[in-house]
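Below is one structure, written out as structure tokens; comments come after it.
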Amino acid sequence: MKQSFFVEGAPVPKGSTKSFLHRKTGRIVTMQDNREKQKVWTERIVWKAREKGVQLSGGACSLYVIFHMPEPKSFRNAKGNRKPSAPKWHTKKPDLDKLLRCVMDALTGIAWKDDSQVIRIVGRKGYAGEACGAYIEIEGS
């Protein structure tokens, strides 16, 4: 069964986890980057998946994601037309693998029981123009 939906908004990567030794307590403290932005993005993915009736799969799944990243204003001329010199592909941070990891974690418990069920991942990122977000397609057995 194939299920697809579009999540609006600027895609957010899964933050990197950093650990360090707390000077006063001597305990190891773990912190994560982008926690608030990531939470909002994850909630959007979950809400849209539920709205579209995404079903929990017990078998193997494939995930296809196209990220539409925000386009810098410098890519447009004074008339609002895209400049010929503006790149098509988003080759800056955030990294594609971290964007995908956030989507996979968000869909755990909704599209699959555990992300180990995902046997194929196809992803790409480009500039959106006006509609930022992620087109997500899940194929499961």
Check: Do we have Lys73 as of a type in the set (D, E, K, R) and either within 19 Å of Lys37 (Cα to Cα) or surrounded by 11 or more Cβ atoms within 10 Å (Cβ to Cβ) (or both) here?
Finding: no
Notebook entry, point to check: Would segment 126-133 turn up any residue that is charged (D, E, K, R), at negative phi and either in contact with a His (Cβ under 6 Å, 6 or more places away or on another chain) or in contact (Cβ under 8 Å) with a residue 60 or more places away in the chain (or both)?
Noted result: no
Margin query: If I ask for residues that are under 18 Å from Glu71 (Cα atoms), surrounded by fewer than 18 Cβ atoms within 10 Å (Cβ to Cβ) and out of contact with any Lys or Arg (no Cβ under 7 Å at 6 or more places or on another chain), which ones from segment 107-126 would you list?
Written below: Arg124
Note to self: What are the pairs with Cβ atoms under 7 angstrom where one residue, in segment 6-34, is charged (D, E, K, R) and the other, located anywhere, is assigned to a strand (DSSP E or B) and at pLDDT below 70? Sequence gap at least six, or different chains.
What the structure shows: Lys18/Met31
Note to self: Looking at the structure I just gave you, is Arg82 among the charged types (D, E, K, R), surrounded by 11 or more Cβ atoms within 10 Å (Cβ to Cβ) and over 29 Å from Met1 (Cα atoms)?
What the structure shows: yes
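The values are calculated or read from the model by the stated rules, or taken from the named source; none is laboratory data. It should be emphasised that the depicted structure is a prediction, and the values quoted were computed from it without experimental measurement. Ideal geometry is used to build each Cβ from the backbone, glycine not excepted, and the neighbour counts take in all protein chains shown.
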